[in-house]
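Here the structure is laid out as structure tokens; the discussion comes afterwards.
Read-outs: derived from the displayed coordinates by stated rules, not from any lab. Note that this is a predicted model, so its numbers are computed, not measured. Every residue, glycine among them, receives a Cβ derived from its backbone with ideal geometry; neighbour counts consider all protein chains shown.
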């Protein structure tokens, strides 16, 4: 994957997480098998969301629109292009969720659903078992990237709202009760 060198955090994330250009090729290769199934997966996803009382208010009256948006997003995962436009779309998703006050918990829970639901779909529908295994690994790395980018946007908005600098937020996130790296 081509990572913008101007974003060292994203570069570190991709390097440590193993997300690479090969993942782009793998996802594009298997798209033909998976894309037709994404509307059914989206239907199931929104059934699960509707069963959760704390999420229901965020989707009531908007489910059909949200399903369309979700299918478009899922299709983008299989496009094989995870460059600047893809990254900007994930950040826009984060901005939108913050604007409509969707708690970060719901994003994390949604990603967890997809990490559990999509691998069996890949395994059952990609004819070559090795391709299915490779696609599952690529997909999981890609979902992690999406969640990182969305979560990062939540943090940026929080910092802006509170007037906190990025350096201060990192410091606040890493301060513990008497715990230092030396004692770990």
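Key figures for this structure:
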{"quantity": "4 °C / 1.567 mPa s Stokes-Einstein diffusion coefficient of the stretch 9-64, Kirkwood radius on C-alpha pairs, µm²/s", "calculated": "91 µm²/s"}
{"quantity": "Most to least packed among 68-74, 141-147, 125-131, 92-98 [average Cβ atoms within 10 Å]", "calculated": "141-147, 92-98, 68-74, 125-131"}
{"quantity": "Order by protection proxy (mean Cβ within 10 Å, highest first), peptides 157-168, 8-19, 26-37", "calculated": "26-37, 8-19, 157-168"}
{"quantity": "Helix-derived mean residue ellipticity, 222 nm - over the chain, DSSP H n ≥ 4, -39500 (n - 2.57), to 500", "calculated": "-24500 deg cm²/dmol"}
{"quantity": "Packing-based ranking, highest mean first, of 102-109, 58-65 given that Cβ atoms within 10 Å are counted", "calculated": "102-109, 58-65"}
{"quantity": "Volume of the Cα convex hull of the stretch 101-176, divided per residue and given in Å³", "calculated": "110 Å³"}
{"quantity": "Rg ratio (alpha-carbon, reference 2.2 N^0.38 Å) - the chain", "calculated": "1.12"}
{"quantity": "C-alpha long axis of helix 21-34 to longest principal axis of the chain, angle in °", "calculated": "40 degrees"}
